[in-house]
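Laboratory data are not the source of any read-out in this text; all were calculated from the coordinates shown. No experiment lies behind these values; they were computed from the predicted model shown. Note that we place each Cβ from the backbone using ideal geometry, even for glycine, and neighbour counts take in every protein chain shown.
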Amino acid sequence: MTVDSNSNSNSKPKQNYRDILQETVNKKYRKRLLLNRLVTIFTIVCVIAAVVPLVSILLEVVKNGASAISIEFLTQPPGSMGSGTGGIAPAIQGTIIVVGIASLIAAPIGVLAGIYLSEFAKKGEFVEIVRFFNDVLTGLPSIVIGIVGYTAIVLSIGSFSVLAGSVSLSIIMIPIVVRVTEETLKVVPYSLREAGHSLGISKTKVTLFVILPSAKNGILTGIVIAISRIAGETAPLIMTILGTSLFFTGITGPVDALPLRIWRLASQPYESAHAFGWGSALILILMILALSMGLRFLAQRRSLKAVK
């Protein structure tokens, strides 16, 4: 009897410990489950809060701008003020030229700077200073960059020009490309670098032929984001290219652009001008969308070829 009583007394605490442990685990699991659901709901609410204004803006632009779209609107220069005739062809041409030249200037500089900061720069004050000023330049007001372009280029050449506008927009674009390139290269697994070095390949070749191709989709996305940012800038263009109703005449002459044309049309007290402004905004959005989809299609196509 003594043995039985001792065994029963020993088994009860063990059972109690198990119950307490199971209850504790269940409580923590319920807390984690509740927290997970709350975070999920909060995330969904944030996504909706971000998407709803974007969709409403797009619908408003399409609603007010679709009626203005026509062959004449896309191929003719602007008509007389308030006449409701003409188009935005010089603005479309000018936007493509100015943004294209700015991209040709900024993309190589930004990508190479990002590669240097990620792969070749040693930790120290110089690198931190470069990163700091790059971040400062990212948040610099565009009107300040426009004033710099006006002072440095417009006054030197003696006229508003495509060159001044392109250089100003490239200054806005470079820090974005640098930051995205650096962060994208950091995400590439270090094992790829080790594999290349173990084969006796130099660091430069490993970076150009192994690391960079692995990060090309992210870098292209950063370039598209930067192009989208500068394509809608108005303040630097007011200070550098001024705007004109004529087609492109030369890199040292003024040119029109869609942001400038939208700003001018919105400033006029005519319904037809406002309709043309909405149409110009729709064309600008479609151009950015086409560029983004085109670059993504090319990147995915090259990825599929590489896999095959």
Degrees between helix 125-138 axis and first principal axis of the chain (Cα, 0 to 90, nearest 10):
60
Listed residues Val55, Val224, Val98; largest mean-square fluctuation, Gaussian network over the chain with Cα springs below 10 Å, found at Val55
For segment 110-187, evaluate the Debye formula with one uniform point scatterer on each Cα (no solvent term) and list log10 I(q)/I(0) at q = 0.15, 0.21, 0.25 Å⁻¹, rounded to two decimals.
-0.59, -0.89, -1.06
With springs only between Cα atoms under 10 Å, which of Ile171, Ile201, Ile157 fluctuates most in a Gaussian network model of the chain?
Ile201
Suppose R0 equals 35 Å. What FRET efficiency, 1/(1 + (r/R0)^6) with r the Cβ-Cβ distance, do Thr221 and Ser70 give to the nearest 0.05?
0.55
Please compute the length gained on full extension between Lys63 and Thr43, using 0.36 nm multiplied by the number of residues separating them and subtracting their Cα-Cα distance.
4.2 nm
Crossing angle, helix 162-187 versus the chain [Cα axis fit, 0-90 degrees, rounded to tens]
10
First measure r as the distance between the Cβ atoms of Met81 and Asn16, then evaluate 1/(1 + (r/R0)^6) with R0 = 51 Å and state the FRET efficiency to the nearest 0.05.
0.05
May I ask you to sort Leu199, Leu58, Leu169, Leu117 by Cβ crowding, counting other Cβ atoms within 10 Å and putting the fewest first?
Leu199, Leu58, Leu117, Leu169
For segment 106-167, which trypsin sites (Lys or Arg not before Pro) pass both filters: DSSP loop (anything but H, G, I, E, B) and at most 13 other C-beta atoms within 10 Å?
Lys122, Lys123
Tilt, helix 258-267 to longest principal axis of the chain (alpha-carbon atoms), in degrees rounded to tens, equals 70
Most mobile of Ala290, Ala106, Ala266 in a GNM of the chain (Cα contacts under 10 Å):
Ala290
For segment 121-267, what size does the Cα cloud have along each of its three principal axes, sorted from largest down, in whole Å?
61, 32, 27
With every atom except the alpha carbons ignored, what do you get for Rg and Dmax of the chain, in angstroms?
28.9, 113
